[in-house]
Amino acid sequence: MILSIIAYLSIGLFVGISVFKAYQFAKMPFHGRMDLYPVPKEKGFEHGGSYYEETAWWTKPHEVSHMREIVEMLKEILFIKKLFENQRPFWWISYALHLGIYFLMAWTILLVVGGLFEVNGISVAANTSSILGLLVYYVTALTGYFGLALATLGSGLLFLRRAFDNTLKKYTTPQEYFNLLLIFAALVTGIFTWGNDLSFGYAREVTANLVTFTPFSANGLLTLHIFLVGIMLIYIPISKMSHYVGKYFTFHKVLWDNNPNLKGSGVEQEIKKASSFRPTTSWSAPHINPPAAPEK
């Protein structure tokens with residue numbers, strides 16, 4: 001029962017805090033635009049140009065394609081495109097971690113679905129005599145094995161690279177080491193917990209019990225694993241790892257926002273609103289404080 005509460009609470013807080021952070025980003029003052037070209041939404045200027053190249057552009061309709069923006073964002077989310085293009089050696093280990101997390105998300109969903117089938121007396125996953133049963137059985141096993149292996153390898157190698165790379169370690173904070181160690185610890189306990197049963201046996205049974213608040217006997221390793229995963233889910237959205245929330249605003253509202261600032265437009269209103277913004281917190285930086293009065 002306690003483990004079920006931890007599971008539901010951690011997932012609920014993960015979703016809730018992530019949504020709240022997105023709300024905070026959306027309510028922030030107008031950003032400093034970079035207009036980094038090519039902007040994916042620009043129709044007819046795929047070569048890297050801009051609508052502003054047109055003669056008397058302000059008299060012509062600004063045609064955009066939000067679908068191209070979505071496709072470009074998916075490339076970044078699913079494949080970390082910019083890291084691949086600019087830091088290929090670093091991309092391999094970073095992508096191992098991210099791809100492993102994606103596999104583990106799919107594995108968890110399959111376990112929940114399989115567990116709910118079992119609760120309702122439908123043993124689809126366990127019935128390997130059917131094509132559907134075989135498919136679910138092997139897809140679950142593969143996503144589990146690949147997810148744990150890739151994510152553990154990626155988090156471990158990222159920690160080592162930050163610790164021993166002469167350049168990176170100068171800019172790595174203690175929090176970043178802690179982030180990777182927390183992920184690594186949750187994954188290693190997962191390997192020892194599920195390593196011999198990643199399909200639909202003990203893992204499916206535990207998942208079904210957690211989802212339905214059914215009391216069950218849990219050993220120390222399983223309890224530690226669920227506890228670490230719960231802490232990780234709550235911690236991620238309040239740490240630097242919450243970049244999954246900020247990416248939309250970074251790309252759509254900073255790098256790719258090239259809407260014209262015309263008289264009476266929404267952009268003009270946003271600029272006026274931003275110019276009247278006054279921070280409520282004080283700054284200690286020398287260039288912010290007024291000059292000291294001269295000594296007499």
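The values are calculated or read from the model by the stated rules, or taken from the named source; none is laboratory data. As the structure is a prediction and not an experimental result, all values here were calculated from the model. Glycine gets a Cβ as well: all are built from the backbone with ideal geometry, and neighbour counts include every protein chain shown. Just the protein is used for accessible areas: all its heavy atoms, side chains included, with ligands, DNA and RNA removed. Shrake-Rupley method; radii C 1.70, N 1.55, O 1.52, S 1.80 Å.
Top mean-square fluctuation among 94, 276, 65, Gaussian network model of the chain, C-alpha springs under 10 Å? Of 94, 276, 65, the most mobile in the Gaussian network model is 276. The C-alpha atoms of the chain define a longest principal axis, and helix 174-194 lies at about 20 degrees to it. Couplings 3J(HN,Hα) of the stretch 22-35, computed from phi: 4, 4, 4, 4, 5, 8, 5, x, 3, 7, x, 5, 10, 6 Hz, in residue order, whole Hz [Karplus 6.51 cos²θ - 1.76 cosθ + 1.60, θ = phi - 60°; x for Gly and Pro]. For the peptides 154-165, 13-24, 223-234, residues were scored by their other Cβ atoms within 10 Å and the scores averaged per peptide; the highest-first order is 223-234, 154-165, 13-24.
First compute the accessible area of the chain with a 1.4 Å probe, then give the percent of it belonging to carbon and sulfur atoms.
Working: 12540 of 18320 Å².
Within the chain, the accessible surface is 68 percent carbon and sulfur.
Could you list the GluC sites (Glu not before Pro) in the stretch 1-73 that lie in coil according to DSSP, counting only those with at most 15 other Cβ atoms within 10 Å of their Cβ? Within the stretch 1-73, the qualifying GluC sites (Glu not before Pro) (loop, at most 15 other Cβ atoms within 10 Å) are 46, 54, 63.
Dipole check for the chain: with +1 at the C-beta of Lys and Arg, -1 at the C-beta of Asp and Glu, and the Cα centre as origin, the magnitude is about 720 Debye.
Between 0 and 90 degrees, the angle of helix 66-79 with respect to the longest Cα principal axis of the chain falls at about 50 degrees. Highest GNM mean-square fluctuation among 137, 171, 244, for the chain modelled with Cα contacts below 10 Å: 171. At a probe radius of 1.4 angstrom, the accessible area of the chain per residue rounds to 62 square angstrom.
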